[in-house]
Amino acid sequence: MTNPRLLESTSPYLQAHADNPVDWYPWNDEALSRAREEDRPILLSIGYAACHWCHVMARESFSDPEIAAVMNRYFINIKVDREERPDLDKTFQTAHALLNQRGGGWPLTAFLNPDDLTPFFIGTYFPSTPRFGMPGFADLLERVHGVYREKRDQTREQGMAVHRALSAPPPGSDAVPPVSVADAARARLEGALDDEHGGLGGAPKFPQLPMLDFLLDEAAGRGDDGHGPLDHAVAALLDGGLFDHLDGGIFRYCVDADWTIPHFEKMLVDNAQLPDTLSRFAFLGAESDDRRIVIESLLERSIDHFLERMRLADGTFAASLDADTQGEEGATYLWTPDEVRSVLETTGLNAETIDGFVAEYGLDRPANFEGKWHLAAARRAQCVGEVRPLAEPIRHALLAHRDTRPQPKRDDKSLLGLNALLATGLLRAGNRFGRDDWVSKGFDLLDRLVPADTAVADLPTGHLGGRPSVPAFLDDLALLLEAQSEAFYRVPEAERLARIEEIIGTITERFADASGAFRLSHAGHAAPVAGLVVFTDDAQPAGNAVLADTLTRLGYTLGRTDWLGLAEAIFKAAAGSIERAPQAHTRLLAALRRFHQPGTVVVIKAREMTGWQTAIATLRRRGMTVVASGSDDLLPDKPLPDTGAGLAYICRGTACLPPESDPERLLLQFD
């Protein structure tokens, strides 16, 4: 029988479990009340739609009537989409680390005391029968049930110990941490760069985009052009099996150290960050035409091909593509040499060109994934300038053929924070490359996320087909604030500034914590740890970090000392957390450096901007913040001249140079 509770969900992941024999609930008052009334522990299963091992556990255990009967007999079973409830996911992933002294993952399987929702046992994937050194899931259920009934005091004591640890973050400080902590983090991360294969760390190999962004920021601050390990790290993302050479975009991670075989899901969280990260590297340091040509070409594939495949009917973007196709991991993306040759021969390409492609992508070598071939360059580039984007006739032919195969399912929920993250990336990449088409896409997306007649306080964290999910979290609004500020820098309008002020007001009203930082959730989310404050990045930067960074830039640009004060309070609150593991706070440390060492902002006030366009484009390509306005109402401390071509104010922090009236002389000051 189909479970109406899940079928009515705004999460395709929950909907996919509606036909399980398990009596699933979403996380809601009905489920929590029933657990308390019947004194049954909660079995909490957290996953997401594109997760391969979530599918495996669903097939093996949640679809098994006998295992489901045990679950229904002993537990109240709750299914959660981690992308809709990041507060629950962060809480119980942290609890997993505390109880098991190692990182968690998905699916996450947690058993909670019903009265206080504290966890007393947590794991990840469990097989249906004993293997991989793990107990079978049915046996585990019996054992957990026995422990709960026979050792009630012990389960409560352990749960409360975890709850206390989660509710007591490292102490803050009365002073803003020194900028030297960013130096320490950079040293640790540079030491973790893989000289042999590129990237950070060993297998499994994740793109680590927030960490990579931090290293790019640090390199830019030192005047470094990024050659060496940093160049190798970016090349590794683009040349191996992480990047989809046909359609663009990157997969979630690679299972090996040399970037050959990915875990085949494609997540918006990674691909939303790619335009900013890659365009930032393209313009790092001295001119490098090869680097910029390669990156613009590959970004086009991601933005104009893959992301268009992810576009929803309302103009926003879907959360992910599944790792599996019809139950087989990566099936859509795999090839045989004969199939490749057959496809390419129909295009009229000569045998030499076909043979060259086969050799270049390792199709003349042994199969690299379960008897088939995933496309990855056989000889890897050591720098981005050496990466060879796939020739268009080959790419087009192979992609057209691949599109005739069964395709992975798409998770069609639209997530506010990730779409805002993409809007920021499109605006920044468009500025750097002078691509007005990308800038237009960024503005269009941003304005679809927050229509003019919608209050920020009413925004949900996401929606499915127009049906809203739970209210927005801190991270959603922090990323939205960043996107709105990026749009304001490009087109400074009073309406955009009013929206920025509204977002900041909503955040301070709903999420403020006594520490001076901001909580991940608010009272309306009914989270088990209501005061959870997060400073560390994971696949995306932490909300507090994005907020501190955006408030710092806005505060210096607009002379808003109140916003600088909010950023300062976050830095002070995070001091103990930063001291414990500086390399886990990369976005916050990038913000901290900007707070201590403000970047240059150029404000141009002119009634006619035509003569300034070359200077504006040049400075934006270099990643500089340029605010060009013909209004005296905005930035009134920088007057609009009554006559002449206008004035440019070059400011760093709270100090500005005398205004410059000539665009060419303005550029000379940055040579």
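Rule-based calculations on the coordinates, nothing more; no lab input. If you're wondering where the values come from, they're calculated on a predicted model, not measured in any experiment. Heads up, the Cβs are rebuilt from the backbone with ideal geometry, glycines too, and the neighbour counts pull from every protein chain shown.
Tabulated data
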{"read-out": "Linear extension gain, Asp153 paired with Arg622, 0.36 nm per residue minus alpha-carbon span", "value": "162.7 nm"}
{"read-out": "Cα-based reach from Lys572 at 16 Å (exclusive), listing lysines while leaving out same-chain residues under 8 positions away", "value": "none"}
{"read-out": "Computed over segment 199-411, Kirkwood Rh from alpha-carbon pairs, angstrom", "value": "17.7 Å"}
{"read-out": "Cut-off 15 Å between beta-carbons: net charge of the residues surrounding Phe214, Lys and Arg +1, Asp and Glu -1", "value": "-3"}
{"read-out": "Trypsin sites (Lys or Arg not before Pro) lying in DSSP loop within segment 342-408, provided at most 12 other Cβ fall within 10 Å", "value": "Arg379"}
{"read-out": "Segment 4-167 - percent relative contact order, Cα under 8 Å, separation 6 or more", "value": "23 percent"}
{"read-out": "Overall Cα dimensions of segment 4-167 - principal axes, largest extent first, Å", "value": "36, 32, 32"}
{"read-out": "Among beta bridges that DSSP assigns inside the chain, antiparallel share in %, nearest 5", "value": "75 percent"}
{"read-out": "Euclidean distance between Cα centres, segment 554-590 to segment 305-360, Å", "value": "43 Å"}
{"read-out": "Taking the chain and dividing mean pair separation by its residue count, relative contact order in percent (alpha carbons under 8 Å, at least six apart)", "value": "13 percent"}
{"read-out": "Arg40, Arg131, Arg467, Arg291 arranged by Cβ crowding within 10 Å, fewest neighbours leading", "value": "Arg131, Arg467, Arg40, Arg291"}
{"read-out": "Net charge of Cβ neighbours under 12 Å - reference Gln407; Lys, Arg +1; Asp, Glu -1", "value": "+2"}
{"read-out": "Cβ-based net charge around Pro127, under 14 Å, with every Lys or Arg adding one and every Asp or Glu removing one", "value": "-1"}
{"read-out": "Within segment 1-78, GluC sites (Glu not before Pro) in DSSP loop having at most 16 other beta-carbon neighbours inside 10 Å", "value": "Glu8"}
{"read-out": "Charge dipole magnitude, Cβ of K and R +1, D and E -1 - segment 526-612, Cα centre, debye nearest 20", "value": "240 debye"}
{"read-out": "Free-standing Cys, the chain [no other Cys Cβ under 4.7 Å]", "value": "Cys254, Cys383"}
{"read-out": "Residue order, fewest to most beta carbons within 10 Å, for Ile295, Ile616", "value": "Ile616, Ile295"}
{"read-out": "Neighbour-count ranking [beta-carbon atoms within 10 angstrom, fewest first] of Thr552, Thr94, Thr353", "value": "Thr353, Thr94, Thr552"}
{"read-out": "Average Cα contact separation per residue, segment 199-411, under 8 Å, 6 or more apart, as relative contact order %", "value": "27 percent"}
{"read-out": "Whole-angstrom gap from segment 434-513 to segment 107-177, using each part's C-alpha centre", "value": "36 Å"}
{"read-out": "Shape call, segment 397-508: gyration tensor on alpha carbons, a/c limit 1.5", "value": "oblate"}
{"read-out": "log₁₀ of I(q)/I(0) at q = 0.06, 0.07, 0.08 Å⁻¹ - the chain, Debye sum with one point per alpha carbon", "value": "-0.35, -0.48, -0.63"}
{"read-out": "Pair Asn100, Ala400: separation of 7 Å Cα→Cβ label points (nm)", "value": "4.7 nm"}
{"read-out": "Packing-based ranking, highest mean first, of 19-25, 364-370 given that Cβ atoms within 10 Å are counted", "value": "19-25, 364-370"}
